[in-house]
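The values are calculated or read from the model by the stated rules, or taken from the named source; none is laboratory data. This structure is a prediction, so every number in the text was calculated from the model and none was measured. Here the Cβ is made from the backbone with ideal geometry for all residues, glycine too, and neighbour counts use every protein chain on show. Only protein heavy atoms, including side chains, enter the accessible area calculation; ligands, DNA and RNA are left aside. Shrake-Rupley method; radii C 1.70, N 1.55, O 1.52, S 1.80 Å.
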Amino acid sequence: MSISDVNTAIQLILDSGESYRPGNGAADDMLSAFENRLGVRFPPSYRYFLAKMGTLSFMGHQFYGITKSGLNAESIPCVLWATERSREKGHITDSMLRIKMSGYGPFYVLDLSQRNAEGEGAVLELPVQGISGGSEKIADDFGSFLLGEITSALSDG
């Protein structure tokens, strides 16, 4: 289950002894404000991550989310700011959320255009030029993506 993947990833971080920087977990009213502004409903695992962590920086990985600046944020790691900029440039569609950079060019999005039975959207990797350059499915949902990225960081670290 995807939410349990988020919890497993958080526990791996805590158990690792590595330094990490979470944001502040977002309250329901802030989650709703972000969803309204972006015109989407967050998938359950991403919504859970946002409520628990807000954002996360760990071993060179930065997962976008809701920062202290809320709707007024003007930089990464704010998912609102990153998503709106990418939409304006035509790099992503209105059903996508920009959630992370790869660190080597491509970036990751949650694609909410086709959700599974649990309401989760797939995580796609897009090239620098965005959706016009194609996409590759990386994970079925945010929870499994987060867990995979944290597991990989720890094994590489």
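Things worth noting here:
- Lone qualifier among Pro22, Pro43 - being buried (at least 20 other Cβ atoms within 10 Å of the Cβ) and either within 14 Å of the chain's Cα centre (by Cα) or not aliphatic (A, V, I, L, M) (or both): Pro43
- When Gly143, Gly148 are checked against the criterion of being within 12 Å of the chain's Cα centre (by Cα) and in a helix (DSSP H, G or I), a single residue qualifies: Gly143.
- Residue match in segment 74-81 (condition: within 21 Å of Ala26 (Cβ to Cβ), in contact (Cβ under 8 Å) with a residue 40 or more places away in the chain and in a strand (DSSP E or B)): no
- If you filter segment 82-118 down to residues that are out of contact with any Leu (no Cβ under 7 Å at 6 or more places or on another chain) and in a helix (DSSP H, G or I), you find that the one that is nearest to Met53 (Cα to Cα) is Ala82.
- Lys52 being in contact with a Gly (Cβ under 9 Å, 6 or more places away or on another chain), open to solvent by 60 Å² or more (accessible area, probe 1.4 Å) and within 21 Å of Asp141 (Cα to Cα): yes
- When Tyr64 is tested against (1) more than 28 Å from Gly133 (Cβ to Cβ); (2) within 14 Å of the chain's Cα centre (by Cα); (3) open to solvent by less than 30 Å² (accessible area, probe 1.4 Å), exactly one condition is not met: (1).
- In segment 100-118, of all residues being in contact (Cβ under 8 Å) with a residue 12 or more places away in the chain and polar (S, T, N, Q), the one that is farthest from Val79 (Cα to Cα) corresponds to Asn116.
- Yes/no for Lys100 being at pLDDT 95 or above and open to solvent by 30 Å² or more (accessible area, probe 1.4 Å): no
- Contact map, segment 1-25: residues that are at pLDDT 95 or above paired with residues that are of a type in the set (S, T, N, Q), Cβ distance under 6 Å, separation 6+ or inter-chain. Pairs shown: Ile3/Ser45; Asp5/Ser144; Val6/Ser45; Arg21/Ser57.
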